[in-house]
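To start, the structure under review is shown below, and the notes come after it.
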Amino acid sequence: MDDIPLSTLYTVLVILIVLSGFFSSAETSLMAINRYRLKHLANSGHRGARIAQNLLARPDRLIGLILLGNNMVNILAATIASLIAIRLFGSSGIWISTLIMTVVVLIFAEVAPKTLAAIHPERVAFPAAFVLVVLLKVLNPVVWMVNALANVLLKPFGVKMDVEALERLNREELRTLVTEGGQISNAHQRMLVNILDLEHATVDDIMVPRGEIVGIDLEDDWEDILAQLSQTVYTRLPVYRETLDNVVGLLHIRAVIAKLTLGGLKFEDLRRAVSRPYFVPEGTSLTQQLLEFQSRERRMALVVDEYGDIQGLVTLDDILEEIVGEYTDEGRERSHSIRCLDDGSYLVDGSVSLRTLNRKLGWELPFEEAHTLGGLMLEEIQAIPTGKCSIRVGAHTMTIMDIRDNAIHKVLIKPDQE
């Protein structure tokens, strides 16, 4: 070694420090890269992304390769630095080389490369992947042996290599990913979050209550039925005899509109156009009901309790409006039942769902027990009020303004002024 010129040793030392920086930056960039963007780029045909994804499929092997290379070049660099220092300063050169190499390696082979890789992981990871995949083929036997020994040491602790588990997201993690993803517009964020929230809501939260269901009573006069069909704003109506408990089926106006327009609609035509009723139990989640509507090719269902009594009506449009907002006449009509007054208070129909109030006004009214505003007030009062009365729910003062037939029709809500 004494015959090797100092210039050659300097050159080799610089190369080793550069290689150390390469391994450090490669490790940081591959570990910091966005896995979902990486998967997207790989599926789009990006070669560097595809190689990086294959390397990350076995993180134990990748880390073993990087650490093996990093430690080899660092040890060799320290040895060469010691030889240079001994030639220049004698036996005391060992301490000098240790101090200098510590600073040099820390700055040029660790901190600076890793900082760059953390800020620009893709720019570093993709070129590095081409080099690492070649090194892996060359050093595979050594890497395999090192990993085998490491896995033997980890086995008693129950450590298993499950890369897929690391990439799986639960609902709340996915919500965070959506809301903090700066590349998604606010409108799209709201829709995606609303889809995730469907699992937390049930048909009870959005259904039209039984008392407000508009349907066709086959026992009515035929002229009244024709007038109702001509004037209705709804595209689908339940059909029953005398009471909703004797439901016959569901009618799509489109099935009779042609004959109705020409004035040739007859009672038997109406009966033939009625489809079999579709019932769903209370408490069905909106996610499940959306899938049920899709699989059964239905758009309307009657909600029944455990005794089979009809409690309300839910449509596919109601669920879709939970995702994208109101877009139907029915939805806009329901939104008009929430009226903002000049003093900042709200005049609200008692039939408005608490979920709708919370979503539209940003409130946090509890809807675990009751599903409508009127139901919430009855739950709080624990009695049927006989006149005007006020209660306080959270940060809201609620006053009953109109009550008819033991049902709360109008409520004045005054939120606390901040």
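The values are calculated or read from the model by the stated rules, or taken from the named source; none is laboratory data. Keep in mind that this is a model prediction, so the values were computed, not measured. Using ideal geometry, Cβ is built from the backbone for each residue, glycine included, and neighbour counts are taken over all protein chains shown.
Observations
- Test: residue in the stretch 11-27 that is out of contact with any His (no Cβ under 7 Å at 6 or more places or on another chain), under 10 Å from Ala125 (Cα atoms) and not in a helix (DSSP H, G or I): no
- None of Val233, Val193 is surrounded by 12 or more Cβ atoms within 10 Å (Cβ to Cβ) and in contact with a helix residue (DSSP H, G or I) (Cβ under 8 Å, 6 or more places away or on another chain) except Val193.
- Selection from the stretch 386-418 of residues that are modelled with pLDDT of 85 or more and of a type in the set (Ser, Thr, Tyr): Ser390, Thr397, Thr399
- Here the stretch 362-372 is the region considered, the condition is being free of Cβ contacts under 8 Å to residues at least 40 places away in the same chain and on the phi < 0 side of the Ramachandran plot, and the residue that is surrounded by the fewest Cβ atoms within 10 Å (Cβ to Cβ) is Glu368.
- Test: residue in the stretch 189-199 that is under 30 Å from Ala407 (Cα atoms), modelled with pLDDT of 75 or more and not in a helix (DSSP H, G or I): no
- Test: residue in the stretch 299-310 that is under 22 Å from Asp197 (Cα atoms) and either of a type in the set (Val, Ile, Thr) or free of Cβ contacts under 8 Å to residues at least 60 places away in the same chain (or both): yes
- Search result, residues across the stretch 197-212 that are surrounded by fewer than 17 Cβ atoms within 10 Å (Cβ to Cβ) and more than 14 Å from Ile319 (Cβ to Cβ): Arg210, Gly211, Glu212
- Within the stretch 206-249, the set of residues being in a helix (DSSP H, G or I) and touching a strand residue (DSSP E or B) at 6+ places or on another chain (Cβ under 8 Å) comprises Ile206, Arg210, Gly211, Ile225, Gln228, Leu229.
- Residue match in the stretch 393-401 (condition: assigned to a loop (DSSP other than H, G, I, E, B) and surrounded by fewer than 18 Cβ atoms within 10 Å (Cβ to Cβ)): yes
- Among the residues of the stretch 29-46, some residue qualifies, meaning at least one is closer than 25 Å to Leu149 by Cα, in a helix (DSSP H, G or I) and under 45 Å from the mean Cα position of the chain (by Cα).
- Unmet requirement for Arg47, which otherwise passes all of (1) in contact (Cβ under 8 Å) with a residue 60 or more places away in the chain; (2) within 26 Å of Ala118 (Cα to Cα); (3) among the charged types (D, E, K, R): (1)
- The residues of the stretch 306-327 that are among the charged types (D, E, K, R) and at pLDDT 90 or above amount to a single one, Asp309.
- The stretch 283-292 - residue that is modelled with pLDDT of 90 or more and surrounded by fewer than 20 Cβ atoms within 10 Å (Cβ to Cβ) and, of those, nearest to Asp245 (Cα to Cα): Thr284
- Within the option set Leu106, Leu166, Leu132, being of a type outside the set (Ser, Thr, Tyr), at negative phi and at pLDDT below 90 holds for one residue only, Leu166.
- Pairing each residue of the stretch 245-258 that is in contact (Cβ under 8 Å) with a residue 12 or more places away in the chain with any residue that is among the β-branched types (Val, Ile, Thr), provided the two are 6+ apart or on different chains, yields C-beta distances under 6 Å for Val248/Val239; Val248/Val274; Gly249/Val239; Gly249/Val274; Leu251/Val239; Leu251/Val274; Ile253/Thr235.
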